[in-house]
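Novice: Here it is, the structure in full.
Values in this text are rule-based calculations from the coordinates and carry no lab data. The structure presented is a predicted model; accordingly, all values stated were derived computationally and were not measured. Cβ: placed from backbone, ideal geometry, glycine included. Neighbour counts: every protein chain shown.
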Amino acid sequence: MGHSLWQSVLGEIEVSVSHATYMTWFKNTELLETTDESVTIAVPNIFAQRQFEVKFNDQIKEILEKNGVKPTTISYVVKTNKNKPVTSRETTRTETKAADRLVAPLPKKQTATNGLNPRYTFANFIVGSSNDLAYSACQAVAKNPGTKYNPLFLYGGVGLGKTHLIQAVGNEITAKSPETAVLYISSETFVNDFLESIRFKKKGFADKYRNIDVLIVDDMQFIAGKEKTQEEFFHTFNALHQANKQIIISSDKPPRNIPTLTERLRSRFEWGMSIDIQMPDFETRCAILEAKAAASSAEIDRSTVEYLANNVKTNIRELEGALNQLLAYSEMRGIPADISTAEGLIGNVRRSRPQHLSSRQIIDKTARHFQLTTAEICSSKRDKHIVTPRQIAMYLLRSELHLSFPKIAAELGRKDHTTAIHSVEKIEKAIKLDFMIREQVAELREKLYA
Ligand code: ADP
Ligand code: MG
């Protein structure tokens, strides 16, 4: 009975989420137990556990109810192998040296020649609305390299997971078909290789880059201004593309905004798929922190997680850094890694920051960004060129300051808070579907924290 019930839940989920989401989160799940009050579902790992708790719970509840099961609680337990379900609390704590945590857990050495670092996988990448498009595109490419999305161009600010994702593509392809020649390089390596081949009249440069099946070039912005190298890259690109080889590129900006990128290279980059990746929202930041803490077998309570997620909003690298610092510090001092320790550490960081963001600043800066006055954005005018910026301001008040909806409405001179709910939802959706809105919100966020 449990089995067929879960099969029908999965069936409904499968048609309502993307294929990538389904394969990542739902494939290895199973219904362990149903009683009148509770339903217990086994999930494969702690990342999945968090995703289910925060993201899929409502949906699952709804489908269960449709199938006649009305539990008061649904719990998700991690089941690592067939006989041993454990909850996240029961994971054994292994000792990690404090010193190890001070540095980000980067690998000691990279695997020989393909440039791939096994640390970066899809499984340990947390998906939220800020990065799910990028994630799905990368998974699609990993599944069928060289078919669609060629080139795949991923862009976004530092520390947001570009390297992680494009490396995950390479790792996944290598794991599935070891005979596929994958090469990951930074564009700087390409530049240096190229210059060396000219300077020392080295042979084999062209072959090295043209005899591969999947070329991953990270941080393409470094090639800006280097015309000869761009020209060489252009030929490499064409050779690979014509042979249906997959090309994946990352950069801090979209192709059209990279200064001094030659026009023909720019147009090549725009052939395939360009996707941006943004700073994750609060919930996703919490999920990332919890996953990272679990990966280093550290226990950290929810309020501390929320404190960190609330106070580090620049990028994920800094978020990871703050967590590592907290864990290392508390271990060295023999004190708990709790919210007061975190406050002591982060407080310093924050004080050195120029300012703390207020709702006024969000509203003013949003208005200015769209060439409106604060009075206009707070007015009741319904012109489209004012309405969308107003909705974006509401969205930012929610995503950056977690203001309540009535508070958001009040900040923008509204009495009715349902407008605020509607606006925030609208922008959340638009960010996924509308490239322009996504860009505007990303630019604004950058301005807010500049
Ligand atoms: P970028 O290349 O965009 O500058 P990275 O890929 O180096 O950023 O990411 C910075 C750090 O944050 C890495 O340690 C990476 O593993 C981690 N990270 C970024 N995004 C996520 C995510 N969604 N889930 C888990 N870890 C992430
Ligand atoms: Mg990077």
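Novice: Which of Thr40, Thr341, Thr73 moves the most in a Gaussian network model of the chain with Cα springs under 10 Å?
Specialist: Thr73
Novice: Tell me the label-point distance for the pair Glu53, Glu283, using the 7 Å Cα-to-Cβ offset, in nm and rounded to one decimal.
Specialist: 1.4 nm
Novice: Residue-wise, which Karplus ³J(HN,Hα) couplings in Hz belong to region 297-308, taking 6.51 cos²θ - 1.76 cosθ + 1.60, θ = phi - 60°, and x for glycine or proline?
Specialist: So the J values, rounded to whole Hz, are 6, 9, 9, 8, 7, 4, 5, 5, 4, 5, 4, 4.
Novice: What is the percent of Cα-Cα separations in the chain that go past 41 Å?
Specialist: Considering the chain, 24 percent of its Cα-Cα pairs are separated by more than 41 Å.
Novice: Oh, and also: Determine the distance separating the Cα centre of region 399-438 from the Cα centre of region 166-224; give it in Å without decimals.
Specialist: 43 Å
Novice: Oh, and also: Please give the net charge around Thr147, taking every other residue with its beta carbon less than 13 angstrom from that of Thr147, where Lys and Arg add +1 and Asp and Glu add -1.
Specialist: Taking every Cβ under 13 Å from that of Thr147, the sum is +2.
Novice: Follow-up. So for the pair Ser197, Gln7, with labels modelled 7 Å out along Cα→Cβ, what separation do we get in nm?
Specialist: With each label placed 7 Å out from Cα toward Cβ, I get 5.5 nm.
Novice: How big is region 402-450 along each principal axis, measuring the range of its Cα positions in Å and listing the largest first?
Specialist: 30, 26, 16
Novice: Now for a separate question. At 4 °C and 1.567 mPa s, grab the translational diffusion coefficient of region 323-450 from Stokes-Einstein with a Kirkwood Rh over Cα pairs, rounded to a whole number in µm² per second.
Specialist: Value of D from the Cα-based Kirkwood radius: 80 µm²/s.
Novice: Another question, if that's okay. With viscosity set to 1.306 mPa s and temperature to 10 °C, compute the Stokes-Einstein D of region 144-253, Rh being the Kirkwood radius across alpha carbon pairs; µm²/s, no decimals.
Specialist: Translational D for this selection: 111 µm²/s.
Novice: Something else now. For the residue pair Ala181 and Thr147, what label-to-label distance in nm results when each label sits 7 Å from Cα along the Cα-to-beta-carbon direction?
Specialist: Going by the 7 Å Cα→Cβ label model, 2.3 nm.
Novice: Quick one: P(r) of region 282-352 from all Cα-Cα pairs, 5 Å bins, percents rounded to integers, in order of increasing distance.
Specialist: 3, 18, 34, 28, 13, 3, 0
Novice: How large are Rg and Dmax for region 270-397 when calculated on the C-alpha trace, in angstrom?
Specialist: Expressed in Å, the Cα Rg and Dmax of region 270-397 come to 18.9, 59.
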